[in-house]
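For reference, the structure discussed in these notes is given below.
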Amino acid sequence: MSTQAIDLDNLPYADGDFFSFEELLSDKERSRLAEVRAWLTAEVRPHAVGWWNEGSFPQSLIPRLAELDSMSPVHRQGYSNLFAGMMHAEFTRADTSIATFIGVHDGLFTGSIEALASTEQQEAWLPDIYAYRKIGAFGLTEPLGGSDVAGFSASPPRIWSGWARQAVPWPRSTTSTPRWQPSRPCITGHSPRTSWQSTSSTLGQGRQRLQ
């Protein structure tokens, strides 16, 4: 049995592609995947534990993510869905927090605009979104609900000016959940532990026009 010490900071690349899906990619896609993998190994993986322990998000990484140009690999760049999935797996392998950021911004936010926004909205929004000059987020929860969307009790009744979000009281608290008002420029709300404020846009109303 070898007694040589293992350098935990320099382990070999762990190939988790047990079914050799990478072999199904085109030469161009394999080359691009290797490029993304190398970038993540250099720019993200060495710092991921530190970011996690600090409870911080690396804002300085955003311009470099823009330079990597990984946004919308299928719709905008013409890569296969298999490539897109494998590239996201590389992000996840390097840092699940960064992968979540990418997944929400590119998948939930950008994907919705690509699929549902009008041509005028896409022309106005997508260039800045692809370049990370505008960043999208997704937040949805309810008291005692967590991320169980199917179990939510509040509903947004339609009113003449848009949609009205019902306020659901937090247990043992005088505060309420955020108020959803797409017709207004700002969404604000408070929870028992923290307060937040986020900007909104007319995209909510734009979605109504697509119906």
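Evaluation of VAL74 against the conditions (1) over 26 Å from LEU11 (Cβ atoms); (2) touching a His at 6+ places or on another chain (Cβ under 7 Å) shows that the sole unmet condition is (2). Of all residues in the stretch 56-88, those satisfying the criterion of being in a loop (DSSP other than H, G, I, E, B) and among the small types (Gly, Ala, Ser) are SER56, SER60, SER70, SER72, GLY78, SER80.
Which residues, counting only those in the stretch 36-55, are surrounded by 13 or more Cβ atoms within 10 Å (Cβ to Cβ) and part of a helix (DSSP H, G or I)? VAL36, ARG37, TRP39, LEU40, THR41, GLU43, ARG45, HIS47, ALA48, TRP51, listed by residue number.
Filter the stretch 66-101 down to the residues that are under 25 Å from ASP27 (Cβ atoms), buried (at least 17 other Cβ atoms within 10 Å of the Cβ) and not small (Gly, Ala, Ser) and list them by number. Residues satisfying the conditions are MET71, PRO73, TYR79, PHE83, MET86, MET87, HIS88, GLU90, PHE91, ARG93.
Every listed requirement among (1) within 30 Å of GLU43 (Cα to Cα); (2) assigned to a loop (DSSP other than H, G, I, E, B); (3) of a type in the set (D, E, K, R) is met by GLU114 save one, (2).
Take the conditions (1) loosely packed, with under 13 Cβ neighbours inside 10 Å; (2) more than 30 Å from SER60 (Cβ to Cβ); (3) modelled with pLDDT under 65; ALA150 misses just one of them, which is (3). For the stretch 19-29, the count of residues that are surrounded by 14 or more Cβ atoms within 10 Å (Cβ to Cβ) and under 28 Å from ASP128 (Cβ atoms) is at least one.
Conditions (1) free of Cβ contacts under 8 Å to residues at least 12 places away in the same chain; (2) among the β-branched types (Val, Ile, Thr); (3) not assigned by TED's automatic domain parsing to the domain that holds VAL36, marked per residue:
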residue	(1), (2), (3)
ALA94	no, no, no
SER97	no, no, no
ILE102	no, yes, no
PHE109	no, no, no
LEU116	no, no, no
GLU120	yes, no, no
GLU123	yes, no, no
GLY136	no, no, yes
LEU144	no, no, yes
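Of the residues making up the stretch 52-66, one or more are over 20 Å from TYR132 (Cα atoms) and either touching a residue at least 12 places away in the same chain (Cβ under 8 Å) or touching a Ser or Thr at 6+ places or on another chain (Cβ under 8 Å) (or both). Kindly indicate whether PHE91 is at pLDDT 95 or above, assigned to a helix (DSSP H, G or I) and over 17 Å from the mean Cα position of the chain (by Cα). Here the answer is no, as PHE91 does not meet what is asked. Within the option set GLU142, GLU123, being surrounded by 13 or more Cβ atoms within 10 Å (Cβ to Cβ) and modelled with pLDDT of 70 or more holds for one residue only, GLU142.
The values are calculated or read from the model by the stated rules, or taken from the named source; none is laboratory data. Not measured: the values here are computed from a predicted model. Note that we place each Cβ from the backbone using ideal geometry, even for glycine, and neighbour counts take in every protein chain shown.
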